1. State all residues of the stretch 112-134 that are more than 20 Å from LEU80 (Cβ to Cβ) and touching a Lys or Arg at 6+ places or on another chain (Cβ under 7 Å); if no residue qualifies, say none.
2. When only residues in the stretch 80-136 that are among the β-branched types (Val, Ile, Thr) and out of contact with any strand residue (DSSP E or B) (no Cβ under 9 Å at 6 or more places or on another chain) count, which is nearest to HIS279 (Cα to Cα)?
3. Considering only residues that are part of a helix (DSSP H, G or I) and within 22 Å of MET189 (Cα to Cα), which ones fall in the stretch 230-268?
4. Just a yes or no: is a residue in the stretch 316-323 in contact (Cβ under 8 Å) with a residue 60 or more places away in the chain and part of a loop (DSSP other than H, G, I, E, B)?
5. May I ask you to verify whether LEU323 is modelled with pLDDT of 95 or more, of a type in the set (A, V, I, L, M, F, W, C) and under 29 Å from PHE241 (Cβ atoms)?
6. If you check ARG236, ARG231, which single one turns out to be of a type outside the set (A, V, I, L, M), touching a helix residue (DSSP H, G or I) at 6+ places or on another chain (Cβ under 6 Å) and at pLDDT 95 or above?
7. Residue by residue through the stretch 1-11, note down the ones that are out of contact with any strand residue (DSSP E or B) (no Cβ under 6 Å at 6 or more places or on another chain) and not small (Gly, Ala, Ser).
8. Testing HIS279 on (1) under 27 Å from THR347 (Cβ atoms); (2) surrounded by 15 or more Cβ atoms within 10 Å (Cβ to Cβ), one condition comes back false. Which one is that?
Amino acid sequence: MSTVVVTGATGNLGSAVVSLLLNRDHEVVGLARRTRTQGGAVPRSWAHGRVKWVDVDLTDRGGAHALRDLVSGADALIHLAWAFHPMRRREYLRQACVGVLDRVSRIVLDHSEAQLVHVSSVAAYSPRQTRDLVDETWPREGIPGATYSELKVQAERVLTAHAGGVGAAARVAVVRPCLVGQYAAGGPMLRCGVPAWIPSRTLQHLPLVPVDDDFGLQFIHADDVAEALVRIVEQRASGSFNVAGEGLVTGNDIALALGARPVELRQTVVRSALAAAWHAHLQPLDPSWVDMALQAPWVDSVRARSVLGWRPVHSGRDVLHELVRGMADGAGGGSSALRPRTVVDGTRNALLRGPVARRVLT
């Protein structure tokens, strides 16, 4: 049995990782900016005796000091903390993502013997140049102009440089998943991409979905990523690992999941429309996310299979259908980070705290 510290423990992936660690009889220290619900209680389903919940903001010095104490006796730290919003505040995102990883890596690698497992993304890879699946040796220069992608690249470089500088590369693993989903993430993911005043159920009434033969996405279930992460900890594995569900999700698959009719339309047209809405402040999703969907390479998971003995349980299409159900239901989980999406909640927060693309989500 190991003691594992998990940052970002209440989110889409964090909730799955914590649950699996508990099922495998590990001691868990769960860190998040706010581990409790808006009512002030630890979620009942998470109030387990072997989880030590800690509210900590890793962007400030106090959080760093707290983390140093927590990792001193830990066997591993799984770093999941990553800010997706506010998308219109790039410098904040840089500090909250790259700055936090820099701080975490220095604390873990300089002041403990713990293993550090960092979750990056396939978005760190350079643009797709082939329809074949690529492995972990594909260049990692990111998707030009995409903030999320560029920050993932910077974060990996910071981690590699520091680990190499202190001779700790053998204690570091980097996992690069494709798009991660599960039912409980449906509401929060829709909140990040659709204006608050639009009901979740509207998703079930879309008449048309644009499709393009050049378009394709890989999905992976949060539980499958969690399985890979826990195996890395249990096997003390190091190096980089791609993880992706089986199969490529096409525009026709998305139309089928939504019950809509597919209509051929170049994705560049869709991207232009989203960009216009973004610049007009009509929707909260940075159009560079479309660039990542169109340009990120498709990856294989051969190394994870061979080194870890891992394989995904869910196909990419399984994850798509589960995620769409969660979006339509405005689904969520027990934490503040995974709270369900409702028009009332979204509108109230927009009025009190400003639009989602400009405020820090908690």
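1. Taking the stretch 112-134 and keeping what is more than 20 Å from LEU80 (Cβ to Cβ), we get 113, 126-134.
Within the stretch 112-134, SER126 is the sole residue that qualifies.
2. Step one: list which residues in the stretch 80-136 are among the β-branched types (Val, Ile, Thr), which gives 98, 100, 104, 107-108, 117, 119, 122, 130, 134.
Filter once more, keeping what is out of contact with any strand residue (DSSP E or B) (no Cβ under 9 Å at 6 or more places or on another chain): 98, 130.
Numbers: VAL98: 26, THR130: 32 Å.
In this case the residue turns out to be VAL98.
3. First, pick out the residues of the stretch 230-268 that are part of a helix (DSSP H, G or I): 230-235, 251-258, 267-268.
Those that are part of a helix (DSSP H, G or I) and within 22 Å of MET189 (Cα to Cα): GLY251, ASN252, ASP253, ILE254, ALA255, LEU256, ALA257, LEU258, GLN267.
4. Step one: filter the stretch 316-323 for residues in contact (Cβ under 8 Å) with a residue 60 or more places away in the chain, giving 316-323.
Subset that is part of a loop (DSSP other than H, G, I, E, B): none.
There is no residue in the stretch 316-323 that is in contact (Cβ under 8 Å) with a residue 60 or more places away in the chain and part of a loop (DSSP other than H, G, I, E, B).
5. Values: modelled with pLDDT of 95 or more: yes; of a type in the set (A, V, I, L, M, F, W, C): yes; under 29 Å from PHE241 (Cβ atoms): yes.
Taking the combined requirement at face value, the residue satisfies it.
6. Sole residue among the options that is of a type outside the set (A, V, I, L, M), touching a helix residue (DSSP H, G or I) at 6+ places or on another chain (Cβ under 6 Å) and at pLDDT 95 or above: ARG231.
7. The answer is MET1, and nothing else.
8. Single failed check for HIS279: (2).
The values are calculated or read from the model by the stated rules, or taken from the named source; none is laboratory data. No experiment lies behind these values; they were computed from the predicted model shown. Here Cβ is always computed from backbone atoms with ideal geometry, including for glycine, and neighbour counts include all displayed protein chains.
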